[in-house]
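Q: Below are the structure tokens for one structure; questions will follow.
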Amino acid sequence: MTTFEDILEEAGKFGRCQMRIVSIFCLVSIPFSFVYVGIVFQGFTPEHWCRDPGVIEIRERCGWSLQDARRATVPLMNSSTGVTYSQCQKLDMDWNATGLTCDNPESELTQAQLSTLPMTGCTDSWEYDYEGRQSFVTEFDLVCADAWYVDMFQAALSVGFLVGSIAIGYLADKYGRMKSFLMTNFFIGVTGILVATSPNYIALLVFRVLFGFGVKGGWMVGYVLITELVGVEYRRMVGVTYQLFFSLGILILPLLAYFIPNWRWLQVVFTIPYICFLTYYWFIPESPRWLLSQNKRNEAMEITKAIAKENKKTLSKIIETLTDKNTDSISTASFMDLFKTSKLRKFTFILSFNWFTSAVVYQGLIMRLGILGGNVYVDFLISGIVELPAAFLILLTIERIGRRLPFAAANIVAGAACLITAFIPDSMFWLKSAVACVGRLGITMAFEMVVFVNTELYPTVIRNLGVSVCSTLCDIGGIVAPFLLYRLAVIWLELPLIIFGINFAYSRTELFVLLDRPPNINNQPQYSQQLENLLPSDVTSNKEVTAV
């Protein structure tokens, strides 16, 4: 009997139609990167210290700058990054009674004298040296004892990712890729604007969870859809290209943040593309593979004919032989099907663990840029440039030497670079930066590869659900990452890097188990037989179903 791959041979496995659809859908990855790591700019924590009404009165009378007032009135303290001005305590004194003059404030009270005076906590908010940049941190005073609320902002997004990827993955497998995608983008548009207009921090967290619910699920649906519209041998290429646009978004983000210094307007800019994606209703067809898996043969045939027409191909009568034998009902497929056989259990557990470690390290390294103290725009841009070669290295290596060695090597390099970077002294700035860039390249390759490996290892009937469920560990990693980074950095700035490196080194041994004998997708009969063995007979009864 005829399979969809046989028909795609005639219609074009990667013709003009698929190129158009893939190009349009790749744009979805750009705003996803904005949302994923936008906290670096939206949650930027500038230099801050306690506000004191007495100091403000003297500063206004004398015409001092913020820095002049800080040097004259804020004591130095030891921290994990060295000696810095106190951020969370102020001197317990009446500044109007000190005799402080306007002429030379730095000579009035020495730091030695300031350090002997009694201290108290910040009771009148904080002063921020942010040069016009407004983040939700400065708006809601999320510093010092409340600094962990910043972690919650990113964790809330990952909670939304976690629930949304499962729910929307299920909807995409049950009701269709495009219906789920369009519904999700409408939801993102509404919740994104609600985030931008949040009146307080509690509302911000609630809307942030809802926003994340749609963003991750919509991105995963797009990934699955474009890989199902092309021939099997092109899935890797379109999958890696889809993720390459994520890296392009990383390059665009610092430019947007530089010209839009207000976090609320930046959120609006993050949301607008998702509203524009609703126009895809007129440009993108449903996945024929999904339609066939749902016994919707006539619809699948019409879409396939349209693909062939756009590709300037002619279909023979072979399309008429697509019968129900090739598209058995899969209504019994469910979450538990991911664990029903030993192979599926192995795939699910190992891929989930690798999603977790990749997310923790990738997010941690990016968010770390916001606390290093340099020019965050330049640092972020450089780190984004480093990501770009990852996609090309993947495409150059996996077709020649397979997935196992590049996947494992990328992870080992990332883990080793994290450990080495932590112990390079700050005086060796360029060496430290170079090693950190190598680590960023490694983790980017590892993260991109786990996505398409996950897609390859599941058959169509549970592919979207399988990818969504495994990627939930990525979201759990996203919940852990901000707390791991920001709280450990308070102890020692380099401590998160050591944890990242150890975490990666431990998880890499699992890769050799997973990729010991990967399916050979270039040999379709063998691949079909392997996929047949993955699912029990109560889910699907023939290998053609799993091969679509």
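The values are calculated or read from the model by the stated rules, or taken from the named source; none is laboratory data. Fair warning: this is a prediction, and the values are worked out from it, not measured in the lab. Reconstructed Cβ throughout: ideal geometry from the backbone, glycine too, with neighbour counts over all protein chains shown. Note: accessible area is taken over every heavy atom of the protein model, side chains too, but ligands, DNA and RNA are not part of it. Shrake-Rupley method; radii C 1.70, N 1.55, O 1.52, S 1.80 Å.
Q: List the pairs whose first member sits in segment 32-44 and is within 15 Å of residue 136 (Cα to Cα), whose second member is hydroxyl-bearing (Ser, Thr, Tyr) and surrounded by fewer than 23 Cβ atoms within 10 Å (Cβ to Cβ), and whose Cβ atoms are under 8 Å apart, counting only residues at least 6 apart or on separate chains?
A: Pairs that qualify, where the first residue is within 15 Å of residue 136 (Cα to Cα) and the partner is hydroxyl-bearing (Ser, Thr, Tyr) and surrounded by fewer than 23 Cβ atoms within 10 Å (Cβ to Cβ), are 44/130.
Q: Mind checking which pairs have a first residue in segment 421-433 that is in a loop (DSSP other than H, G, I, E, B) and a second that is buried (at least 16 other Cβ atoms within 10 Å of the Cβ), Cβ under 8 Å, 6 or more apart or different chains?
A: Pairs found: 424/432; 424/435; 425/432; 426/432.
Q: If you go through segment 28-54 one residue at a time, how many are farther than 27 Å from residue 263 by Cβ and in contact with a Leu (Cβ under 9 Å, 6 or more places away or on another chain)?
A: 0
Q: Applying the selection to segment 362-375, what residues are β-branched (Val, Ile, Thr) and either open to solvent by 10 Å² or more (accessible area, probe 1.4 Å) or more than 19 Å from residue 251 (Cα to Cα) (or both)?
A: Once the filter is applied, which keeps residues that are β-branched (Val, Ile, Thr) and either open to solvent by 10 Å² or more (accessible area, probe 1.4 Å) or more than 19 Å from residue 251 (Cα to Cα) (or both), segment 362-375 yields only 371.
Q: Let me ask something else. Looking for whichever is open to solvent by less than 40 Å² (accessible area, probe 1.4 Å) and assigned to a helix (DSSP H, G or I) here; the options are 392, 407. Which one fits?
A: Testing whether each residue is open to solvent by less than 40 Å² (accessible area, probe 1.4 Å) and assigned to a helix (DSSP H, G or I) leaves just 407.
Q: Report the residue count in segment 197-235 for those that are of a type outside the set (Asp, Glu), open to solvent by 10 Å² or more (accessible area, probe 1.4 Å) and more than 18 Å from residue 471 (Cβ to Cβ).
A: Number satisfying all stated conditions: 11.
Q: Now a separate question. Does residue 173 meet the test of being assigned by the TED database to the domain that holds residue 35, touching a Ser or Thr at 6+ places or on another chain (Cβ under 7 Å), of a type in the set (Asp, Glu) and open to solvent by less than 50 Å² (accessible area, probe 1.4 Å)?
A: It is false that residue 173 is assigned by the TED database to the domain that holds residue 35, touching a Ser or Thr at 6+ places or on another chain (Cβ under 7 Å), of a type in the set (Asp, Glu) and open to solvent by less than 50 Å² (accessible area, probe 1.4 Å).
Q: Of the residues 72, 11, which single one is touching a Cys at 6+ places or on another chain (Cβ under 9 Å) and either modelled with pLDDT under 80 or within 30 Å of residue 296 (Cβ to Cβ) (or both)?
A: 11
Q: For the list (1) buried (at least 19 other Cβ atoms within 10 Å of the Cβ); (2) polar (S, T, N, Q); (3) within 20 Å of residue 41 (Cβ to Cβ), I need the number of the one condition that residue 185 fails.
A: Answer for residue 185: the failing condition is (3).
Q: Next up: Looking at this structure, is residue 444 at pLDDT 85 or above, of a type in the set (S, T, N, Q) and on the phi < 0 side of the Ramachandran plot?
A: For residue 444, the condition - at pLDDT 85 or above, of a type in the set (S, T, N, Q) and on the phi < 0 side of the Ramachandran plot - is met.
Q: Next question, about the same structure. Given (1) under 30 Å from residue 220 (Cβ atoms); (2) open to solvent by less than 30 Å² (accessible area, probe 1.4 Å); (3) of a type in the set (Gly, Ala, Ser), where does residue 147 come up short, assuming only one miss?
A: The failed condition is (1).
Q: If you check residue 280 against the conditions, is it at pLDDT 90 or above and touching a helix residue (DSSP H, G or I) at 6+ places or on another chain (Cβ under 6 Å)?
A: Criteria not met by residue 280.
Q: Can I ask one more? When the residues of segment 144-196 are narrowed to those that are without any contact (Cβ under 8 Å) to a residue 40 or more places away in the chain and among the aromatic types (Phe, Trp, Tyr), which ends up farthest from residue 467 (Cα to Cα)?
A: 187
Q: Then there's this: Restricting to segment 124-182, what's the tally of residues that are hydrophobic (A, V, I, L, M, F, W, C) and under 30 Å from residue 338 (Cα atoms)?
A: Number satisfying all stated conditions: 15.
Q: While we're looking at this one, here's another question. Can you name the residue in segment 395-404 that is assigned to a helix (DSSP H, G or I) and in contact (Cβ under 8 Å) with a residue 24 or more places away in the chain and, of all such residues, is surrounded by the most Cβ atoms within 10 Å (Cβ to Cβ)?
A: 398
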